[in-house]
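The values are calculated or read from the model by the stated rules, or taken from the named source; none is laboratory data. Quantities reported herein were computed from a predicted structural model and do not represent experimental measurements. Here the Cβ positions follow ideal geometry from the backbone for every residue, glycine too, while neighbour counts run over all protein chains shown. When the accessible area is computed, the model is the full protein with side chains, heavy atoms only, and any ligands, DNA or RNA have been set aside. Shrake-Rupley method; radii C 1.70, N 1.55, O 1.52, S 1.80 Å.
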Amino acid sequence: YEIEKDLTVALLEQLPSFDMLQINCHSGITNMLPFVWNGFDEMARYTYVIDLTQSEEELWGALRENIRRESRKARKQLAVASTSDLEACIRLIGKSYARQGNPNPFDSPAMRRLDAACAERGRRDILVARDPRGEMHAALYLIWDGKVTYYLAGGADPELRTRGAQSLLVWEAIVRSKARSV
């Protein structure tokens, strides 16, 4: 605990001057005091960690009933596939943000650089749910390292979002992540 504090303080001392800086920390970092001591405001954000050592049946059973129901319904109407079409994914994510009255933070050069780097290393998947006409209902963007898969972004067409596509994609992401983690 003491070494973590000392290392964080040493890292913060090396930062160049800035007008504004936002730092997002991994959920494993539990001591935020060095940040507070250096004038940062602390704001908790939440993430979920899924134990993929469980069987697929246990994982399915751990989902809320409405998510299982939506996934089963969507599976009958939609096909899930991987795509390399980042722009289509960004557009769908943008529709979700627009519905909430917010700009799309993923429509950026940084996202395109991240995607290029992850794609080059085989460390990303863009999942889409399409209906039989080929219309995309939802998209989900995943990246991973050697241990963890991260759900970076997802979105659904507001006009089609009652079809359960997002629930289906989240379940598919869990199944694919479990397969990669073995």
Study note, to complete from the structure: Of the residues in the range 101-117 that are open to solvent by less than 40 Å² (accessible area, probe 1.4 Å) and assigned to a helix (DSSP H, G or I), the one that is farthest from Y141 (Cα to Cα) is A117
Review point. Hey, any hits in the range 114-126 for a residue that's in contact with a helix residue (DSSP H, G or I) (Cβ under 9 Å, 6 or more places away or on another chain) and basic (K, R)?
Key: yes
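Please work out which residue is farthest from Q166 (Cα to Cα), limiting yourself to the range 118-129 and to residues that are open to solvent by 80 Å² or more (accessible area, probe 1.4 Å) and not in a helix (DSSP H, G or I).
R121
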**Study point:** Single unsatisfied condition, P132 versus (1) under 27 Å from N24 (Cβ atoms); (2) open to solvent by 80 Å² or more (accessible area, probe 1.4 Å); (3) not in a helix (DSSP H, G or I)
**Key:** (1)
Check your understanding: D19 is checked against (1) more than 26 Å from V148 (Cβ to Cβ); (2) in contact with a helix residue (DSSP H, G or I) (Cβ under 8 Å, 6 or more places away or on another chain); (3) open to solvent by 70 Å² or more (accessible area, probe 1.4 Å) and fails just one. What number does that condition carry?
Key -> (2)
Exercise for review: Looking at (1) out of contact with any strand residue (DSSP E or B) (no Cβ under 8 Å at 6 or more places or on another chain); (2) open to solvent by less than 70 Å² (accessible area, probe 1.4 Å); (3) assigned to a loop (DSSP other than H, G, I, E, B); (4) not basic (K, R), find the lone condition where A98 falls short.
Suggested key: (3)
Review point. Just for helices (runs of 4 or more DSSP H) wholly inside the range 1-83: which have at least 3 residues that are under 26 Å from Q166 (Cα atoms) and not basic (K, R)?
Key: 56-62, 65-77
